[in-house]
Amino acid sequence: MKFSISKVLIHATTASGPFGTELELQVGLNVVKAPNTSGKSTSLQAILYGLGLERMLGPRVETPFGHVLTEYLREVADGPSFPVLKSSVEIELKNNRKEILAVHRVVRGDADTRLVRAKITDANGSESRRDFFLHDPGSVQREDGFHNYLARFIGWDLPDVTTFDGREIPLYLAAIFPTLFVEQKRGWSAIQGPFPTFLRIQDTARRVMEFLLDLDVGNRRRRRLELEKQIARLETEWSQARQHLTSRLGNLSRLQNIPSRPVEDFSSSPSIGVEVYLEEEWLALEEAVDYTKTQVDDLEAVELQQTEDLVPALRSELAEAQDDVANLETRVDELRRDMAITRSEIQGFQNRIAALKTDLARNQDAQKLEKFGSRLGRAVSEHTCPTCHQELDAELLPVVQVKGMAIEENIRFIRSQIDLYKASANASEVEANNLRLMYDSVATELSEKLTRIRQLGEALRRPSGATARSSIEQLVRLQARLKRFESMQSEADGMVDRFSSIADALDRLRPELAAVKSDDFSDTDVAKIEFFEERLQKRLVNFSFKTFRAAEIHISREDFRPFGIIRDNTGEYVNRELGFEMSASDAIRMKWSYYLALLDVALKFDTNHPGFIAFDEPDQQAIESKDVKSFLLEAAAFGSSAQILVAATAEKIAGFDAELAEAGAKILGFSGYTVRRRL
């Protein structure tokens, strides 16, 4: 047993004086009995409120008490009402580490109801006081959040779960406690829970039951989510590093072995391949550095000459440069045209994919209709009229020897076509990117050639005795290019370790992720679920469940709800949903059986179930007294292994409350209102 509640105190101050009550609870069965409409539920609601769980009843529930403790109190049913000036609740909890947590919350008063005052006593008897906050962002995640502390006090490590909008949030206590605390007004309306929907947790019932039963499949799923988040973060780091490197290298280069997503085994031989488009071809950056360095060395080795000595060479270079410009302009036009064609191809592929997806949806709908029994889609191919179902004369049909594909074949074909066009579109995207890089490089080279032509023209117009500047200008241009290439090489080399560390981390995580991919139950999981099912069936027999035979009730492996497997009139076994099949009283018997069977599992196996359950008014739907007696006696049989709290109407258990006491139950009886005037 992970925790129990030892005390419940209710305080209220009215203009007529103080009111309140105090309950001393034991480990085992505790029954709060009182006449009808006398405040039995208030005692259990005080526990709910003290634990900060009133919002499991609804997101706008401020307190679960109604007018009691918030507006007015009475001493007797027909007596005067006394306005409540202030009120509060205190509960005391003990955990299996011998720690004590005393919680105080204001119901009505000056203090904010989101403030929780606590006195904490450790196993050595040392006391400390702390204030916590509640029903505010961080109350489960942060150190000063009350539900963060309460979960740790109970001994729970709350898993993260996925919401309907894709966020990861903790499995809130307000989602867990509906399987531990059956509230009177809503709690009996469903076998499980009902669970609060405002938390927007996907598959709430499954996530809660996996946690309470501590199933390996749930632990694997949680570990898988953790690993997927770590891998996604590392992939984002890789992508960001790649974008950073690409921006530093500039738009005249491309990366060879750094794809947009991390590659396996990169860290075993880490290197970054960079290519630049130079003089009409892609060169590895190292080759481009060597080639440019050779050009620089050759120019530096040549002595500066007078203009008149260089006129023939300058004129020859000018003519060659003009030819190069013409070729480059033609190449720019070709690349522009190729880019336009590629963009058109990509758009065509995307349009075709969209059309294929529409066809796929139509075929899937047709398949669904056929599965449901529709024959309209087949009628013509079978030479029958879809309206009157008469044979169609062959002369009315075209002579076609080709046999049409079945819907299943059509769906497979369309899917293969979608995959084909997606691959083609991706290849065209890569080609478009390469064309853009080539276009940028050629355009840059064209700009440099035009600059060189201008320099050569100026050199030819200079006085014959002047020193030739064109060689100097060309040398400066090549030195700038060399410096840029060397800077790019330095940037790439500097990023190798970063890419390597990311790839190394991914190489460690991926095998672990593959190991937890399975959603199959472990042998221990199966043993827990089968025992749960066995105990559920046994308790249904004990509580006189009649809608189906108990042996026909099973536990779903999807959401752990009970369902029936019934033999129908034809002798076939069919699954039956219990919600609309059970009588109202059998629904109550099912709820009793389910919650006690869950507790049975907790006593036999290691689970996260705290060994605590509360039932508010279990004698619902005019259920037979003998079955209520059986339920309470079986609850009492748990003894000190669990704590079970029950609020019951005195008249309904009057015939056997002494027997309950003999079985070890603690009976806390009230002859009138549970919240009474203090003397």
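Residues being part of a strand (DSSP E or B) and buried (at least 21 other Cβ atoms within 10 Å of the Cβ): count how many of those fall in segment 148-200. Going through segment 148-200 one residue at a time, the tally reaches 3. Filter segment 483-529 for residues that are out of contact with any helix residue (DSSP H, G or I) (no Cβ under 8 Å at 6 or more places or on another chain) and acidic (Asp, Glu) and give the result. Correct list: 493, 497, 523.
Going through (1) modelled with pLDDT under 90; (2) in contact with a Phe, Trp or Tyr (Cβ under 6 Å, 6 or more places away or on another chain); (3) surrounded by 21 or more Cβ atoms within 10 Å (Cβ to Cβ) one by one, residue 275 falls short only on (3).
Among the residues of segment 551-573, is there at least one that is in contact (Cβ under 8 Å) with a residue 12 or more places away in the chain, over 37 Å from the mean Cα position of the chain (by Cα) and surrounded by fewer than 20 Cβ atoms within 10 Å (Cβ to Cβ)? No, because not a single residue in segment 551-573 is in contact (Cβ under 8 Å) with a residue 12 or more places away in the chain, over 37 Å from the mean Cα position of the chain (by Cα) and surrounded by fewer than 20 Cβ atoms within 10 Å (Cβ to Cβ). Tell me, please, whether a residue that is outside the structural domain of residue 68 (by TED's automatic domain parsing), loosely packed, with under 14 Cβ neighbours inside 10 Å and in contact with a helix residue (DSSP H, G or I) (Cβ under 8 Å, 6 or more places away or on another chain) can be found in segment 652-662. No: segment 652-662 contains no residue that is outside the structural domain of residue 68 (by TED's automatic domain parsing), loosely packed, with under 14 Cβ neighbours inside 10 Å and in contact with a helix residue (DSSP H, G or I) (Cβ under 8 Å, 6 or more places away or on another chain).
Taken over segment 331-370, the criterion of being within 38 Å of the chain's Cα centre (by Cα), crowded, with 16+ Cβ neighbours inside 10 Å and closer than 30 Å to residue 441 by Cβ is satisfied by 345, 346, 349. Taking residue 533 as the residue in question, decide whether it is among the acidic types (Asp, Glu) and in a helix (DSSP H, G or I). Yes: the conditions hold for residue 533. Report whether or not residue 438 is modelled with pLDDT under 85, touching a strand residue (DSSP E or B) at 6+ places or on another chain (Cβ under 6 Å), assigned to a helix (DSSP H, G or I) and more than 17 Å from residue 292 (Cβ to Cβ). Taking the combined requirement at face value, the residue satisfies it. Run down 45, 26 and say which single residue is in a loop (DSSP other than H, G, I, E, B), modelled with pLDDT of 90 or more and assigned by TED's automatic domain parsing to the domain that holds residue 669. One residue alone meets the criteria, 26.
Beta carbons closer than 6 Å, at least 6 apart along the sequence or on distinct chains, never pair a first residue in segment 212-238 that is assigned to a loop (DSSP other than H, G, I, E, B) with a second that is surrounded by fewer than 17 Cβ atoms within 10 Å (Cβ to Cβ) and modelled with pLDDT under 90.
Checked against the criteria, residue 528 counts as part of a helix (DSSP H, G or I) and surrounded by 20 or more Cβ atoms within 10 Å (Cβ to Cβ). Looking across segment 255-266, just one residue is crowded, with 20+ Cβ neighbours inside 10 Å and not in a loop (DSSP other than H, G, I, E, B), and that is 266.
The values are calculated or read from the model by the stated rules, or taken from the named source; none is laboratory data. Owing to the predicted nature of the structure, the values given are computational and were not obtained by experimental measurement. Virtual Cβ from ideal backbone geometry, glycine too; neighbours counted across all protein chains shown.
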